[in-house]
Amino acid sequence: MVDGFWDDVQRYDHQAWRGLLRELERMNVFAGLQDDVYWVAEPENGQILFISSSCEQLYGLSPDDFYGDPNVWMRVSHPDDHAKVVEKWPLFSLKNTNIKKYRIINQRDGSVRWVIEKIFPVLDRIGETRLISGVVTDLTSIKRMEDEQRLARDVYDTIEQAMLVTDEKFIIQLINPAFTKFTGYGSEIIGQPLTILYTGYYDAWFYDFVKGGIKKKGEWGGRIRWRTKNGSSCVRKTIVREISGSMGETVFYLFLFSSLADEMLSIASIKDDLRLAREVQKRVLSKPLSAKGIQIAGTYIPSRELGGDMYAWYPIDKQRYGIFLMDVMGHGAAASLICMSVRSLLNGVIRKGIVPTEVFRELNRHMRQLYHENGRMTYYFTAVYVLVDVKERMIEYASAGHPPGFLFQPDGTVAELDRGCAPIGLLPRLFVDSGRLRYEPGATLVLYSDGAIEGETGSVRQKIEAFRDALAPHILLDEQVLLDHLRRHFAQKGPLPDDFSAVVAKLG
Amino acid sequence: METKQEAIFTLTWTEDITLNNIGVFRQALKQLLSEGADQLIVNMEGVKYINSAGLGMIADCVMTARSKQKELVVAGVTGSLEEIFRIVKFSSFMKLFPTEKEAIDYFSGE
């Protein structure tokens, strides 16, 4: 088609072969050029000799506009690309196909379009360049797609927000650098199930709940504790979005984790709430009681998190008092809420049950009813309950999986309150083995949560004995003074990993 | 690590059970319960600490096993681990053994 074309052109005037080319175009001889623009020009001055009618669509100019304007290429090209337009003419002498990518401005609608232009020489019989021709292809949509992809890639790589993409089976497919910064996991996590990031902090139902939320609404958001590569855990506000395919089927899940800066703001707000919650929790603790034959007081030092410690005491009749101290499994708002729910029941349960066996059985029944789902235990608590009879000078107690309380007698001997049962809420039925102990006037009863024996070195037994021995020299102090001493002792250790609570009852 | 000895199936767990590996421990127990054997041993020899969530899981598995006419016992309960189990009074509803051999002997009726 091109080679030797010049000889044919010489035989006719421009109009004649221009008509010929137009006819060929109509006959679809320029296969594949329906949307492209084909043109032929003189090499010396770039004068357009022929241009296909598709130029109307691409340039917003008719072929006649091209034939009549020697500066048409400058007119349609983007100002920033004028240099490229100038460059293309001297290159024709190279006889090779020259490819240029540049922008043009559609003269009709003013839009900027990206085109690629392939230019090649039209040779005569001896191989000299006689004409030049070109094919211009509109790349705008491809360029836009490329730009969007590059933008998405740049955003994915540079955004401070950690991102993770899984397939529909929650197998990890993609992560970004911020995710690596957050979790420590790099490309080695690709192909792993999402469970690798689970901390064990939540039960399986929680993840089912999240998945259910995504299925229902296409999105789920909330704060989740994720496991990092070094084994620690980290809480992040997380949004999970379902990405559907063209048929509406789930193709991917996109996980967006809040940035550290967002998290700090969020944490500040949560800390305010927690401070308030801790205050509420403190206010439900029993106030000191002083009656004939008994004085009771307690202290509570919350840990960094909201905790699950609680104590309370009630006069049952003129000679009996029920003293209770509990510690819910784990920390956080859930433990605290369970604590408060037990607190609301406690008065009724103790006044009705009175003795340890009945009190624990009734609490166990409530816990199973409230927090036992689908045959599985979700929460439990340890507790110690002591029924003091000031007239008989007798205590009856039971410890439900709780560290043993101490009964310090005036003669210096110490009894451990180590009989009882498994923690409350763990088993369908409790077999409570309660203990009874007599006391002499001047005895001191000390109950405490396991915060008192955490963080020290040695075995659990050694820690219990160390705590008992630390109490012994101060045991004759008034209950409030003894508790102040304990508070000072624990306060100097800095922030506690667990709540610490203690109850001291001076028995006359 | 799991070993099968006729009708007895043993899960050997050697790490302390903390927040960091509690999810893996849960999965391991779940797998143990799904085994065909009726007599299940969790050998915790070498474990010095188990957190409250881990204790809850063991208790839960003991009850689930019981509901399936199976029995789950814990072996390797010595030292610090024994103290923890004693405080929470797990011996009131399940069998605890110092060694795996004693657990196997128990199941074998010896």
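The values are calculated or read from the model by the stated rules, or taken from the named source; none is laboratory data. Everything quoted here is computed from the prediction, not taken from an experiment. Glycine also receives a Cβ, built like all others from the backbone with ideal geometry; neighbour counts cover every protein chain displayed. With ligands, DNA and RNA removed, areas are computed over all heavy atoms of the protein, side chains included. Shrake-Rupley method; radii C 1.70, N 1.55, O 1.52, S 1.80 Å.
Of the residues A:310, A:329, only one is within 30 Å of residue A:485 (Cβ to Cβ) and within 14 Å of chain B (Cβ to nearest Cβ); which?
After ruling out the rest, the residue left standing is A:329.
Which members of region B:56-106 meet the condition of being open to solvent by less than 10 Å² (accessible area, probe 1.4 Å), more than 7 Å from every other protein chain (Cβ to nearest Cβ) and in a helix (DSSP H, G or I)?
Selection gives B:58, B:62, B:65, B:81, B:85, B:103.
Can you tell me which residues in region A:270-300 are assigned to a helix (DSSP H, G or I) and open to solvent by less than 60 Å² (accessible area, probe 1.4 Å)?
Residues satisfying the conditions are A:270, A:274, A:277, A:278, A:281.
Test residue A:135 against the criterion of being open to solvent by less than 70 Å² (accessible area, probe 1.4 Å) and in the same structural domain as residue A:106 (by the TED database), and give yes or no.
For residue A:135, the condition - open to solvent by less than 70 Å² (accessible area, probe 1.4 Å) and in the same structural domain as residue A:106 (by the TED database) - is met.
For region A:105-170, list the strands (runs of 3 or more DSSP E) that sit wholly inside it and hold at least 1 residues that are more than 29 Å from residue A:39 (Cα to Cα); which are they?
A:162-167
Where residues in region A:209-221 are farther than 17 Å from residue A:252 by Cβ and surrounded by fewer than 13 Cβ atoms within 10 Å (Cβ to Cβ), which of them is nearest to the other protein chains (Cβ to nearest Cβ)?
A:212
Which pairs do you get when a residue that is more than 19 Å from residue A:339 (Cα to Cα), found in region A:251-280, comes within reach of a residue that is open to solvent by 40 Å² or more (accessible area, probe 1.4 Å) and among the hydroxyl-bearing types (Ser, Thr, Tyr), reach meaning Cβ atoms under 8 angstrom, with the pair 6+ apart or on two chains?
What qualifies is A:251/A:244.
Under 14 Å from the mean Cα position of the chain (by Cα) and either over 21 Å from residue A:428 (Cα atoms) or away from chain A (no Cβ under 14 Å) (or both): is that true of residue B:46 in this structure?
yes
Okay, residues lined up against (1) closer than 18 Å to residue A:399 by Cβ; (2) of a type in the set (Phe, Trp, Tyr); (3) in contact with a helix residue (DSSP H, G or I) (Cβ under 7 Å, 6 or more places away or on another chain); (4) within 14 Å of chain B (Cβ to nearest Cβ):
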{"position": "A:425", "(1), (2), (3), (4)": "yes, no, yes, yes"}
{"position": "A:435", "(1), (2), (3), (4)": "yes, no, no, yes"}
{"position": "A:451", "(1), (2), (3), (4)": "yes, no, no, yes"}
{"position": "A:479", "(1), (2), (3), (4)": "no, no, no, no"}
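Inside region A:41-71, can you point out the residues that are closer than 16 Å to residue A:19 by Cβ and open to solvent by 40 Å² or more (accessible area, probe 1.4 Å)?
A:53, A:64
Just to verify a result, which residue in region B:62-91, among those that are under 15 Å from the mean Cα position of the chain (by Cα) and of a type in the set (Gly, Ala, Ser), is farthest from residue A:463 (Cα to Cα)?
B:65
Output yes when any residue across region A:195-207 is part of a strand (DSSP E or B), under 12 Å from the mean Cα position of the chain (by Cα) and closer than 22 Å to residue B:24 by Cα, and no when none is.
yes
Looking only at region A:316-333, count every residue that is open to solvent by 40 Å² or more (accessible area, probe 1.4 Å) and over 23 Å from residue A:404 (Cα atoms) and tell me the total.
Counting residues in region A:316-333 that are open to solvent by 40 Å² or more (accessible area, probe 1.4 Å) and over 23 Å from residue A:404 (Cα atoms) gives 4.
Just to check your reading of the model, which residue among A:458, A:451, A:442, A:435 is crowded, with 20+ Cβ neighbours inside 10 Å and of a type outside the set (A, V, I, L, M)?
A:451
Among the residues of region A:323-361 satisfying the criterion of being part of a helix (DSSP H, G or I) and of a type in the set (D, E, K, R), which is farthest from residue A:387 (Cα to Cα)?
Top of the filtered list is A:343.
Residues checked against (1) modelled with pLDDT of 90 or more; (2) in contact with a strand residue (DSSP E or B) (Cβ under 7 Å, 6 or more places away or on another chain); (3) part of a loop (DSSP other than H, G, I, E, B); (4) surrounded by fewer than 17 Cβ atoms within 10 Å (Cβ to Cβ):
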position	(1), (2), (3), (4)
A:363	yes, yes, no, no
A:368	no, no, no, no
A:382	yes, yes, no, no
A:387	yes, yes, no, no
A:391	yes, no, yes, yes
A:397	yes, yes, no, no
A:402	yes, yes, yes, no
A:410	yes, yes, yes, yes
A:415	yes, yes, no, no
